[in-house]
Amino acid sequence: MAEAIYPVPAEWAQNALIDEARYQQMYERSIADPDGFWREEGQRIDWIKPFSVVKQTSFHEADFGISWFTDGTLNLSANCLDRHLAERGDAIAILWEPDDPKNPERRITYRELHEAVCRFANLLKARGVKRGERVTIYLPMVPEAAVAMLACARIGAIHSIVFAGFSPDALAGRIQDCDSRIVLTSDEGLRGGKKVPLKANVDEALKACPGVDSVIVLSHTGAGVPMAEGRDIDWASAVAAQPADCPPEEMRAEDPLFILYTSGSTGKPKGVLHTTGGYAVWASMTHEYVFDYRPGQIYWCAADIGWVTGHSYVVYGPLMNGATTVMFEGVPNFPDASRFWQVVDKFQVEIFYGAPTALRALMREGDDFVKKTSRKSLRLLGSVGEPINPEAWSWYHEVVGEGRCPIVDTWWQTETGGAMITPLPGATALKPGSASKPMFGVKPMLLDNEGGVLEGATDGCLVIADSWPGQMRTVWGDHERFFQTYFSTFAGYYFTGDGCRRDEDGYYWITGRIDDVINVSGHRMGTAEIESALVAHHAVAEAAVVGMPHEIKGQGIYAFVTCNAEIEPDEALRKELVQWVRHEIGPIATPDVIQFAPGLPKTRSGKIMRRILRKIGENDFSNLGDTSTLADPSVVDNLIANRPQPA
Ligand code: WT7
């Protein structure tokens, strides 16, 4: 089948930082001579003490280890702020757009941001926060969230951001796992005109976290919230009392920068740990090359800071590069489906980076919401978080970008720190739906299920053959789990968990997760997590969760639930279970379908055959495969006969 190819527009080929020839030459060098390549790219950072060693890495069990720029020292907040003050102190660092367009935006210069970060860093120190300590951040999309991140980086504390849509239980689990004794939050969050009771959630979570002795509370909506004497302090007044200067701590390249929890195929969410030097080089380099970023351009990544995209491409990457980064508190369809493009016009955004799920939702509202805005400022569009289907790609390209803006479809993961497979706008001809070519230093390979290397045009399991600077370094508190999760499936390779196709032109097409992880609206969910939330309900004996195709979300959540013997499942229980999961994990885990099942398809040894459940979830009963090994094959017929149709 012939695929559409969009050649690099001539202006881009001429003016971009990297054209096709340069991409080839730099890519080849990055693979053939990683030490030389990264020694040069490493110069983009202001090191306090320059590094002499570059790459010390092995994915093999015998000498496993990942260390980059090991003997260099730096401070990441100084790289995001101090280094810009002389030349760009009065340039806007953060352009903040509130949830409600009737409220005023905020424009924060590099100098103002520097001062806010220094004051907040001093406040953290005054609360006893030390180097290496974990600070939990549970804040809405407000500039103070970036201030908090940079203040942690300034004093060498490790931030752990918990997405403000997560439940008190999920928050508590993350606070406990990394043993943090300080939490930063706000009275409330605002999303699409609705209030989110963040402080109340923190109070609820802290019932299970006796170790927390400090909560710093930002007054955002002005709602009066109860403050616990001795534990809770008001952000604004505490900050005002702090000095406006705080010298940056000298950190080693491999000192931890942040923890970010993400879901895997088993167990509770893992604390993905990123360190300082390699992450800094990777976030800044990928931000510059993928978006062809030049200082002065207005850049907007519409991700929340609760996800890695917000870490690398709202805060760290852009600020290291002296960018004006837009931070948006709201949602794409409030007050209506024009909002994204109104904000583009208001701030004259040149580069917009968003998620396919939002585009699909907006596409459904019709072109008028787009067409009544100008969007003349846009020159480049980006996509992230899940595969972008060709229909959404074309809509993004033709309607939003009026055919004039290249689309960079960036494949990466929380674990990878930044973009791994992506077009570069001046170098890569685009194929809708393909993340295309590897970033410098990234060596993707496709393996068969037995670990055999596949060459040429083929489908396989996507692995990365060698380390890159932005790679995660460990799972917080469980280095063995790090090795087991990523390096034991295929010895000597980093296993991504994704399936992938490579075409005749060497383009990569991510086909989706091949483990028990589902991608709901670009958010990663472990099916095991949802299952354990379900079985925690008194009525539930057993649960199995699979992904199902969903027009807007990419994947929806399909749960098979077996109730305890004395329970008669009904509509009321179905609703209760949906609420239960929302309460246990958060609204992003809301099941789309719950099917009550008297039994689940199991092998004689008692293993649930998920392959069959996935097929039922997909409403595809044609290729159920071999069911003869099931303990009771009639279970499957029952499930098919009683499959509820989603609303
Ligand atoms: C998983 C990682 C990338 C940061 C935000 C999500 C899927 C991500 C793409 C893309 C196809 C994609 C993969 C990956 N994914 N980007 N451009 N095309 N799939 O990070 O929550 O760690 O999820 O998202 O399945 O493994 P994450």
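Between Ala91 and Gln43, how high is the FRET efficiency from 1/(1 + (r/R0)^6) when r is the Cβ-Cβ distance and R₀ = 22 Å? Nearest 0.05. Show your work: numbers first, answer last.
On the way: r = 22 Å, r/R0 = 1.02.
With a Förster radius of 22 Å, E is 0.45.
Can I get the semi-axes of the stretch 574-647's equivalent ellipsoid? Compute them from the C-alpha gyration tensor as square roots of 5 times the eigenvalues, in angstrom, largest first. Spell out each step's value before the answer.
Details: eigenvalues 128, 39, 24 Å².
That gives 25, 14, 11 Å for the three semi-axes.
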Legend entry - DSSP-loop GluC sites (Glu not before Pro) across the stretch 161-253, with at most 12 other Cβ within 10 angstrom: Glu229
Legend entry - Over the stretch 489-647, volume per residue of the alpha carbon convex hull, in Å³: 158
Inset, instruction - Determine the shape class of the stretch 427-474: with a ≥ b ≥ c the square roots of the Cα gyration tensor eigenvalues, call it rounded for a/c under 1.5, and otherwise prolate if a/b is greater than b/c, oblate otherwise. - result: oblate
Inset, instruction - If a/c stays under 1.5 just call it rounded; otherwise compare a/b with b/c (prolate if a/b is bigger, oblate if not). Do that for the stretch 1-138, with a ≥ b ≥ c from the square roots of the Cα gyration tensor eigenvalues. - result: oblate
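With N set to the residue count of the stretch 147-232, report its C-alpha Rg divided by 2.2 N^0.38 Å to two decimal places. Kindly include the intermediate steps, with their values, before the conclusion.
Values: Rg = 12.7 Å, N = 86, 2.2 N^0.38 = 12.0 Å.
After normalising by residue count via 2.2 N^0.38 Å, the value is 1.06.
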Legend entry - Leading residue at positive end of dipole, the chain (Cβ point charges), from Cys500, Gly512, Val370: Val370
Inset, instruction - Select from Gly451, Cys461, Ser436 the residue farthest towards the positive end of the dipole of the stretch 431-474; place +1 on Cβ of Lys and Arg, -1 on Cβ of Asp and Glu, and compute about the Cα centre. - result: Ser436
Inset, instruction - Output the Cα-based Rg and Dmax of the stretch 89-156 in Å, rounding Rg to one decimal and Dmax to a whole number. - result: 13.2, 41
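Which order results if Lys437, Lys130 are arranged by neighbouring Cβ count within 10 Å, fewest first? Display every interim value, and only then the final one.
Working: Lys437 21, Lys130 10.
So the ranking, lowest neighbour count to highest, is Lys130, Lys437.
So which helices of the chain fit the span-like rule, where a helix is a whole DSSP H run, its Cα atoms reach 15 Å or more along the axis, and its mean Kyte-Doolittle is at least 0.5?
Values: long enough: 20-32 (18 Å, -1.26); 110-126 (24 Å, -0.09); 143-155 (19 Å, 1.25); 277-290 (19 Å, 0.10); 571-584 (20 Å, -0.94).
TM-like helix candidates: 143-155.
Do the sum for the chain: with -39,500 (n - 2.57) for every DSSP H run of n ≥ 4, divided by all residues, what is the mean residue ellipticity at 222 nm, to the nearest 500 deg cm²/dmol? Each step should come with its number before you reach the end.
Working: 21 runs with 188 residues, N = 647.
It lands at -8000 deg cm²/dmol.
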Legend entry - Qualifying trypsin sites (Lys or Arg not before Pro) in the stretch 392-494, DSSP loop, other Cβ atoms within 10 Å at most 16: Arg404
Inset, instruction - Hey, can you grab everything whose amide H is under 5 Å from the amide H of Gln595? Only 5+ residues off in sequence or another chain; H modelled, so Pro and N-termini drop out. - result: Ala559, Phe560, Val561
Legend entry - the stretch 227-277 - charge dipole about Cα centre, Lys and Arg +1 at Cβ, Asp and Glu -1, debye rounded to 20: 420
Legend entry - Equivalent ellipsoid, the stretch 307-368 (semi-axes from 5 times Cα gyration tensor eigenvalues, Å): 23, 13, 9
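Evaluate the chain: find the radius of gyration of its Cα atoms, find its Kirkwood radius, and give the ratio Rg to Rh.
Working: Rg = 24.3 Å, Rh = 25.5 Å.
On the Cα set of the chain, Rg over Rh gives 0.95.
Can you tell me how the stretch 455-496 classifies by the Cα gyration tensor, rounded, prolate or oblate, using a/c under 1.5 as the rounded cut?
Prolate shape, in that a/c is at least 1.5 and a/b is the bigger ratio.
Take the Cβ-Cβ distance between Glu402 and Arg294 as r, set R0 to 22 Å, and report the resulting FRET efficiency rounded to the nearest 0.05. Don't skip to the end; give the middle numbers.
Values: r = 22 Å, r/R0 = 1.00.
Plugging the Cβ-Cβ distance into 1/(1 + (r/R0)^6) gives 0.50.
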Legend entry - Per-pair calculated FRET efficiency, R0 = 35 Å: Gln348 and Lys195 via Cβ, rounded to 0.05: 0.70
Legend entry - Percent antiparallel among DSSP beta bridges (both partners in the chain, rounded to 5): 60
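Any read-out appearing in this document is the output of simple, stated calculations on the displayed coordinates, not a laboratory observation. This one's a predicted model, so the numbers in the text were calculated from it and none came from an experiment. Every residue, glycine as well, gets a Cβ built from its backbone with ideal geometry; the counts of neighbours run over all protein chains shown.
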